[in-house]
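Read-outs throughout are calculated quantities, based only on the coordinates presented, and are distinct from any laboratory measurement. Keep in mind that what you see is a predicted model, and the values were worked out from it rather than measured. Counting neighbours? That spans all protein chains shown, and the Cβs are built from the backbone with ideal geometry, glycine included.
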Amino acid sequence: MADGSDLLLEVNDLKMHFPIQKGVLRRTTGYVKAVDGVSLSIKKGETLGLVGESGCGKTTTGRCIVRVYQPTAGEIIYHDEGESVHIDRLDRQELKVFRRNMQMIFQDPFSSLNPRMTVLELVGEPLLAHGIARGQELEDRVAEMVAAVGLRVEHLPRYPHSFSGGQRQRIGIARALVQGPRLVVCDEPVSALDVSVQSQVVNLLQDLQKDLDLTYLFVAHDMSVVRQISNRIAVMYVGKLVEVAESEELLRNPKHPYSETLLSAVPRPNPHHAMQRLNLEGEPADPANAPSGCVFHPRCRYMEDVCTTDVPELTELRPGHHVACHFADQLELQGIAYVESGQS
Amino acid sequence: MTRETMSGDQILAAGETRPAMTEEALLEINNLKTHFHLQEGIVRAVDGVTFSVRRGRTLGIIGESGCGKSVTAHSILRLVPSPPGNIVDGEILLHRRDGEQSGSRLEEHTDLAGLDARGAEIRAIRGGEISMVFQEPMTSFGPMHTIGNQIMESILLHQADVERAEARELAIENLRRVGIPRPAQIVDAYPHQLSGGMRQRAMIAMALSCSPRLLIADEPTTALDVTIQAQILELMTALQEEFGMAIIFITHNLGVIAEVADEVAVMYLGRIVEQADVIELFDNAQHPYTQGLLNSIPHIDDDKLHRLRAIEGVVPDPYQIPSGCAFSDRCPSFMPGTCDRAMPGLAETARGHLVRCFLFSDAEES
């Protein structure tokens with residue numbers, strides 16, 4: 001176990017730098033370091049939540065893993081049945097075959113489905129494209145998948161416009177899962193949905209994970225939703241991971257000042273909750289012009305001189321709890337104080 | 001605090017710091033109906049909404065997409081596009097005290113529903129006595145003019161005695177008030193040069209530039225990150241304390257509403273289904289829809305993690321609203337023969353707590 005035999009995915013020092021081009025000659029004048037040295041691992045069957053604010057690089061990380069982008073540097077290794085596949089080194093043809101193993105669920109169910117295709121065509125397309133099934137077999141597999149996500153067979157000949165947001169997200173999920181992937185990158189899968197529908201989709205994703213033995217990378221900005229679904233949580237800030245820990249550990253004992261602030265900013269649906277909010281001054285740094293030293297230092301309340309010059313490495317503070325902060329073992333940070341559950 | 005002041009007139013009489021007149025209604029909406037006449041049929045986006053906003057207080061309106069919360073807000077400022085939208089019934093009364101009148105005529109109140117949507121009167125009120133902050137500050141600012149010019153335009157339009165140079169100073173002062181750094185430079189910036197959080201601050205600066213008595217905020221923090229959302233919510237609360245304007249805060253986020261609202265109205269398919277002060281609503285939610293909403297969201301501070309209890313089904317299509325109670329097809333407490341027969345009326349179950357449900361009252365909507 002300890003040597004990583006239960007790992008499904010390993011990411012080492014992943015970098016994705018987008019060039020900034022200016023002028024008529026499209027000279028490269030700099031780089032947006034969207035992802036700048038991210039290392040993480042995901043165990044088989046677990047959900048790793050990846051949280052952070054817009055522009056922190058969480059979506060780019062997810063896209064690099066499924067190779068929507070070719071990363072600038074770093075390794076992405078997929079372990080399965082004793083074999084290790086370097087996803088970052090696959091060529092086009094290999095990638096096309098390999099994609100059966102990893103899929104993506106998108107945020108916006110309105111723009112991610114082709115409006116000219118029926119549900120049957122949308123969900124069946126990956127099977128057809130990979131030559132997995134056709135004809136009656138294809139229809140049967142699609143019908144089975146559509147039922148698994150809570151839609152009905154009568155829905156198969158319909159077009160996306162006749163569905164609500166939640167139903168469209170179910171179609172997107174069916175399309176992603178129809179080939180039987182092991183790893184699914186969920187990119188903000190519920191944030192565009194209505195409150196009452198969000199919970200349906202969260203429950204569905206949890207059920208499917210159990211039934212189909214899926215492993216999730218769950219990218220989202222909503223801490224409450226991420227906690228609900230994740231075994232572990234990774235917090236990202238301006239291209240770097242600042243903290244990774246078991247979900248409950250991260251919530252109760254955050255060790256990075258950014259995680260602390262992020263947790264305190266979560267609006268609580270409880271008017272009795274006394275606000276002890278740690279106001280985070282300023283705005284996230286620009287990934288094209290990241291500050292020296294620790295990227296968080298301009299906004300950090302505990303900043304010292306060393307933070308402006310030295311980059312803190314992500315180190316294991318205690319088993320399973322990784323933090324990138326020079327003072328992680330000294331700071332007394334405030335986590336979520338649990339209250340007794342109102343529900344039975 | 002809300003609850004005590006609401007139910008305890010004697011406390012106020014005994015010299016509470018909050019003046020008694022804050023309890024006075026500033027805006028009163030009676031049986032508002034805004035319908036859209038479309039080819040496919042009539043969409044009753046707002047169908048008999050009644051509420052009042054008290055001076056200096058925050059009324060939160062919560063609901064999912066299609067519940068009519070934004071159309072209600074747009075109806076107040078007469079921004080509903082016509083055709084196809086029309087206010088077909090009801091009143092929107094804006095109350096004034098002596099000396100609060102911007103025009104020359106003196107009267108106790110104006111019925112905004114009765115005004116010409118393009119007339120001078122409503123245009124004087126928009127951005128003057130009542131102003132609005134929208135969800136997406138990028139689309140609500142014009143891209144072609146500087147932030148400063150747009151704020152100055154609003155000031156010059158509503159305050160006839162202000163000169164241009166003075167308006168510019170006021171614009172800078174307003175930007176400073178909402179916490180924008182280097183306001184003297186930002187005043188000449190274009191909207192695209194600011195980040196989302198800064199644009200929303202600038203939007204609030206513009207909305208407050210004419211000292212409105214009512215600010216309508218339509219999902220003002222939905223497009224923002226949580227840390228920026230926290231900053232904006234705190235800013236709005238601080239500004240309300242300083243300037244005493246009333247706020248109608250529209251959102252779908254129960255966490256945000258718990259934080260900012262004094263009183264909450266829950267809307268579902270064009271009607272208010274429950275209304276109470278914020279503590280009463282969260283502690284003692286009665287309508288099955290409100291309870292469903294509260295149970296369906298994850299609570300980050302629950303000691304035990306349990307499966308979310310989702311509300312079944314989806315918000316129905318506006319052309320296929322179930323007969324009887326609009327929530328009846330998704331309701332776990334559905335009573336056949338009762339709930340599908342008539343629309344329940346909004347009945348008071350405790351002081352100031354209104355619920356539209358046959359579980360609590362036999363009252364039917366007339």
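Look at the stretch A:25-37: the mean tally of other chain Cβ atoms within 10 Å of its residues' Cβ atoms is 0.
Peptide B:248-261 shows a mean partner chain C-beta count of 3 within 10 Å per residue C-beta.
With contacts taken as Cα pairs under 8 Å at a separation of at least 6 residues, the range B:229-359 carries a relative contact order of 21 percent. Computed from backbone phi, the HN-Hα couplings of the range B:31-36 come to 6, 5, 10, 10, 10, 10 Hz, rounded to whole numbers (Karplus: 6.51 cos²θ - 1.76 cosθ + 1.60, θ = phi - 60°; Gly and Pro given as x).
Partner shielding of B:308-318 amounts to 5, given as the average count of beta-carbon atoms from other chains within 10 Å of each residue beta-carbon. Close amide H partners of A:GLY37, meaning residues 5 or more places away or on another chain with modelled amide H under 5 Å apart, are A:LEU14, A:LYS15, A:MET16.
For the pair A:ARG116 and A:LEU278 in one chain, pulling the backbone fully straight at 0.36 nm per residue adds 53.5 nm over the alpha carbon distance. Listed values for the range B:45-51 are Karplus-derived 3J(HN,Hα) couplings in whole Hz (6.51 cos²θ - 1.76 cosθ + 1.60, θ = phi - 60°), namely 5, 10, 9, x, 9, 10, 7, and x replaces Gly and Pro.
Along chain B, the longest continuous region that contains none of the trypsin sites (Lys or Arg not before Pro) in a DSSP loop with at most 12 other C-beta atoms within 10 Å is B:119-303.
For chain B, hydrophobic long helices are taken as DSSP H runs at least 20 Å long by C-alpha position along their axis with mean Kyte-Doolittle hydropathy of 0.0 or more; these are B:226-243.
The amide H of A:LYS43, built 1.01 Å from its N in the peptide plane, has A:LEU8 as neighbours under 5 Å, considering only residues 5 or more places off or on other chains.
Show log10 I(q)/I(0) for chain A at q = 0.09 Å⁻¹, two decimals, from a solvent-free Debye sum over equal Cα scatterers. After summing over all Cα pairs, the log10 values are -0.53.
Listed from fewest to most Cβ neighbours within 10 Å, the set A:TYR159, A:TYR78 follows the order A:TYR159, A:TYR78.
For A:LYS210, the lysines whose Cα comes closer than 21 Å to its Cα, not counting residues fewer than 8 places off in the same chain, are A:LYS43, A:LYS44, B:LYS304. Sorting B:MET343, B:MET198 by the number of Cβ atoms found within 10 Å of their own Cβ, with the fewest placed first, yields B:MET343, B:MET198. Note on B:TYR190, B:TYR289, B:TYR319: ascending count of other Cβ atoms within 10 Å places them as B:TYR319, B:TYR190, B:TYR289, the fewest first.
In terms of the mean number of neighbouring beta-carbon atoms within 10 Å, the peptides A:304-315, A:220-231 order highest first as A:220-231, A:304-315.
For the range B:285-366, GluC sites (Glu not before Pro) meeting the loop criterion (DSSP other than H, G, I, E, B) and having at most 14 other Cβ atoms within 10 Å: B:GLU312, B:GLU365. Report note on the peptides A:321-334, A:92-105: ranked by the mean count of other C-beta atoms within 10 Å, highest first, their order is A:321-334, A:92-105. When chain A is treated as a GNM with alpha-carbon contacts under 10 Å, the residue of A:GLU281, A:GLU188, A:GLU139 showing the greatest mean-square fluctuation is A:GLU281. Once you reduce the range B:299-323 and the range A:26-93 to the center of their Cα atoms, the two points are 34 Å from each other. What the phi angles of the range B:257-263 give under the Karplus curve with 6.51, -1.76 and 1.60, with θ = phi - 60°, is a coupling list of 5, 4, 7, 9, 8, 8, 9 Hz, glycine and proline written as x.
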